[in-house]
Amino acid sequence: MTVETTSRSTGVEPAGTLQWGRRYLMVSPDHFRVAYAINPFMDLADQPDPVAARTQWQGLADAIRAAGAEVEVLGQRADAPDMVYAMNLGLVLDDRVAISHMRHAERRTESATAQPWFAAAGFAPTYVGRDGVGPHLEAGDAFAFGDALVVGYGPRTEELALKHLAAELDVRVRGLRLTHPGMYHLDLAFCPVDERRALVCPSAFDDASARALLDLVPEPIVLTQEEALTTFAANSVVVGRTVLMPGVPDHVRARLEAAGFEVVVVDVREFHKGGGSVRCLTNPIDVRRGRDLPVVPGGEVVLPA
Ligand code: ARG
């Protein structure tokens, strides 16, 4: 398989539209269940319905394709019930992928299947840690935004991973410390929607990081803790001027529509039982240095003062 390097952008999109997010990896929910509890949403007594989960997953894949993006599908390992949350498999930049080194051993087998898939798709693997050795990195903690790779650390990704990532990938990494147990990945509290706007839930972070993030986003669309946790609104996917969301508070919809976005609500509630939603189920594999974030030779880590 070859890596597609051309953008689908037609040129009629408003300036500032995100260029990445036109090609995704998803993992089919062949063995999705709640087999352990590694985040506050997971309850072994509240299992997903496999038929409903399959229908919702298909609905999401269809909605992404309808919005104009491509979806590649990888099958799920039987021993990896959380593997449906494809965002966590690895972080793609250009033709490389930083394979996740999961915090919890329960998820580490996923990497053994993800790596050959990425390799066959043309992405060379790099590791900041693996098999329990070295710092943890979970790709749901990272986004290209503005002048950097913005990376959440604390609950899952470790601070030390930021240095490795920056050096390996030759990018500036802006670290933000997550402190809320329910927003254990950055993508539960932050969602870039274009070059100026992003959904932001400040209560996920310590004070310095919340301030740093609000300074980074010229026009933040602020979510309360309750909105973030009950609607999973920050766990959305943007394809050009379409925002695919699991739920949307009225004020957020109004802001997005005023900025020229179409909001599409996609029901993936079965997957909320595992603590993930639209963004966790999808992994953009078309993020490029030099276009979506600058190349910084040798890398650089910036932490909030
Ligand atoms: N049960 C999974 C975990 O706790 C959910 C992953 C959610 N993914 C995400 N990108 N936030 O690891």
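The values are calculated or read from the model by the stated rules, or taken from the named source; none is laboratory data. Values in this document were obtained by computation on a predicted structure and should not be read as measured data. We place every Cβ from the backbone using ideal geometry, glycine too, and count neighbours over all the protein chains shown.
Taking the conditions exactly as written (within 13 Å of the ligand (Cβ to nearest atom) and touching a Gly at 6+ places or on another chain (Cβ under 9 Å)), does ARG103 satisfy them or not? So ARG103 does not fit the description; no. Can you find a residue in the stretch 280-302 that is in a helix (DSSP H, G or I) and either within 16 Å of the ligand (Cβ to nearest atom) or farther than 21 Å from ARG156 by Cβ (or both)? Looking for residues that are in a helix (DSSP H, G or I) and either within 16 Å of the ligand (Cβ to nearest atom) or farther than 21 Å from ARG156 by Cβ (or both), one finds none in the stretch 280-302, hence no. Would you confirm whether or not the stretch 56-74 contains a residue that is away from the ligand (no atom under 16 Å from the Cβ), among the small types (Gly, Ala, Ser), surrounded by fewer than 20 Cβ atoms within 10 Å (Cβ to Cβ) and in a loop (DSSP other than H, G, I, E, B)? Within the stretch 56-74, one or more residues are away from the ligand (no atom under 16 Å from the Cβ), among the small types (Gly, Ala, Ser), surrounded by fewer than 20 Cβ atoms within 10 Å (Cβ to Cβ) and in a loop (DSSP other than H, G, I, E, B). Can you say whether VAL248 is part of a helix (DSSP H, G or I), in contact with a strand residue (DSSP E or B) (Cβ under 7 Å, 6 or more places away or on another chain), away from the ligand (no atom under 16 Å from the Cβ) and at pLDDT 95 or above, as far as the supplied structure shows? Answer is no for this residue. Scanning the stretch 186-209 for residues that are in contact with a strand residue (DSSP E or B) (Cβ under 8 Å, 6 or more places away or on another chain), part of a helix (DSSP H, G or I) and more than 16 Å from the ligand (Cβ to nearest atom) gives PRO202, ALA208, SER209.
Across the stretch 211-220, not a single residue is classified as within 16 Å of the ligand (Cβ to nearest atom) and part of a helix (DSSP H, G or I).
ALA98 satisfies every condition listed in (1) more than 15 Å from PHE123 (Cβ to Cβ); (2) of a type outside the set (D, E, K, R); (3) in contact with a helix residue (DSSP H, G or I) (Cβ under 9 Å, 6 or more places away or on another chain) except (1).
Looking only at residues in the stretch 148-178 that are outside any strand (DSSP E or B) and within 16 Å of the ligand (Cβ to nearest atom), the one that is surrounded by the fewest Cβ atoms within 10 Å (Cβ to Cβ) is GLU158. Looking across the stretch 107-127 at every residue that is among the aliphatic types (A, V, I, L, M) and touching a Lys or Arg at 6+ places or on another chain (Cβ under 9 Å), the one that is nearest to ALA167 (Cα to Cα) is identified as ALA124. Any chance the stretch 125-144 includes a residue that's out of contact with any Pro (no Cβ under 8 Å at 6 or more places or on another chain) and without any contact (Cβ under 8 Å) to a residue 12 or more places away in the chain? Yes, because at least one residue in the stretch 125-144 is out of contact with any Pro (no Cβ under 8 Å at 6 or more places or on another chain) and without any contact (Cβ under 8 Å) to a residue 12 or more places away in the chain.
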